[in-house]
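Notes for the one structure printed next.
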């Protein structure tokens, strides 16, 4: 199988996010960066599928020069090839809109497939950890004319001779929705699909020597505009002292009754 995983460099989940003065971007001076958690699972799944079925896995990102770090991390855990799609307008503080991102990725994917053959499976994270737009994977699939399903928590590729399908499961309120897609196909996977592995020392050394293919591409802006960002309001917690010692007992009993625990 030929599998492609598209990843994105994002601020580390759980970090305290501050904004620039004009609220047009995230202030990244004191932030660490990583791969979106959904996409870490996509990387792990690509490696797992290649281990089972043979072939090779490629990782691709669109981002600034610093996104090379995320590509090399994917190589350190078992991805074979890395592709960096970039442009001088991409910086650590700004992103292209989802339409421009999808167009650029689809164009580079088409270039690679014209030279090396079609990817059987293209994996995206269900959504990125920063923008959470849920758009890029679907737009790329539409541009390439391939079936796509998001929210995937289980993947199984048929191993019968000549069988060109993938079975994908998505959680629903009543259990699982099961999809059978003809390959080539695109899937958006969710965190929990698997447990991503950690890089080994030999893997890290290998990733430092890995050759990363660079594709520079001009952005074609879409119709989506970001007006500004806003931080979520800090939660307000009010604390009421019910009393101290034995004098607090009646108040505690009253509270338990109000909560319906008695």
task = Looking only at segment 255-262, decide whether some residue is loosely packed, with under 11 Cβ neighbours inside 10 Å, assigned to a loop (DSSP other than H, G, I, E, B), modelled with pLDDT under 80 and touching a helix residue (DSSP H, G or I) at 6+ places or on another chain (Cβ under 6 Å).
result = yes
remark   = Turns out the strands (runs of 3 or more DSSP E) fully within segment 1-74 with at least 2 residues that are in contact (Cβ under 8 Å) with a residue 60 or more places away in the chain and either touching a strand residue (DSSP E or B) at 6+ places or on another chain (Cβ under 9 Å) or surrounded by 23 or more Cβ atoms within 10 Å (Cβ to Cβ) (or both) are 2-7, 9-11
ask   = Scanning for something within 30 Å of residue 90 (Cβ to Cβ) and either touching a residue at least 60 places away in the same chain (Cβ under 8 Å) or in a loop (DSSP other than H, G, I, E, B) (or both), does segment 162-178 turn up at least one residue?
value = no
key: Within segment 134-161, considering residues that are assigned to a loop (DSSP other than H, G, I, E, B) and in contact with a strand residue (DSSP E or B) (Cβ under 9 Å, 6 or more places away or on another chain), the one surrounded by the most Cβ atoms within 10 Å (Cβ to Cβ)   = 146
request  = Report whether or not residue 131 is in contact (Cβ under 8 Å) with a residue 12 or more places away in the chain, surrounded by 16 or more Cβ atoms within 10 Å (Cβ to Cβ) and in a strand (DSSP E or B).
outcome  = no
request  = Could you tell me whether any residue of segment 119-126 is under 27 Å from residue 25 (Cα atoms), free of Cβ contacts under 8 Å to residues at least 60 places away in the same chain and either under 16 Å from the mean Cα position of the chain (by Cα) or surrounded by 18 or more Cβ atoms within 10 Å (Cβ to Cβ) (or both)?
outcome  = no
request  = Looking at (1) over 23 Å from residue 219 (Cβ atoms); (2) touching a helix residue (DSSP H, G or I) at 6+ places or on another chain (Cβ under 8 Å), find the lone condition where residue 120 falls short.
outcome  = (2)
Condition broken by residue 194, with the remaining ones in (1) at pLDDT below 95; (2) buried (at least 17 other Cβ atoms within 10 Å of the Cβ); (3) under 19 Å from residue 43 (Cβ atoms); (4) in contact with a strand residue (DSSP E or B) (Cβ under 8 Å, 6 or more places away or on another chain) satisfied = (4)
message = Criterion first (at pLDDT below 95, over 20 Å from the mean Cα position of the chain (by Cα) and on the phi < 0 side of the Ramachandran plot) does residue 163 satisfy it?
response = yes
request  = Could you tell me which numbered condition residue 82 fails, if it satisfies all but one of (1) under 24 Å from residue 198 (Cβ atoms); (2) part of a helix (DSSP H, G or I)?
outcome  = (2)
task = Give the number of residues within segment 227-247 that are in contact (Cβ under 8 Å) with a residue 60 or more places away in the chain and surrounded by fewer than 12 Cβ atoms within 10 Å (Cβ to Cβ).
result = 3
Scan of segment 103-115 for residues that are farther than 12 Å from residue 217 by Cβ and either without any contact (Cβ under 8 Å) to a residue 24 or more places away in the chain or crowded, with 24+ Cβ neighbours inside 10 Å (or both), ordered by number = 113, 114, 115
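The values are calculated or read from the model by the stated rules, or taken from the named source; none is laboratory data. Remember, predicted model here, so these are calculated numbers, not experimental data. Glycine gets a Cβ as well: all are built from the backbone with ideal geometry, and neighbour counts include every protein chain shown.
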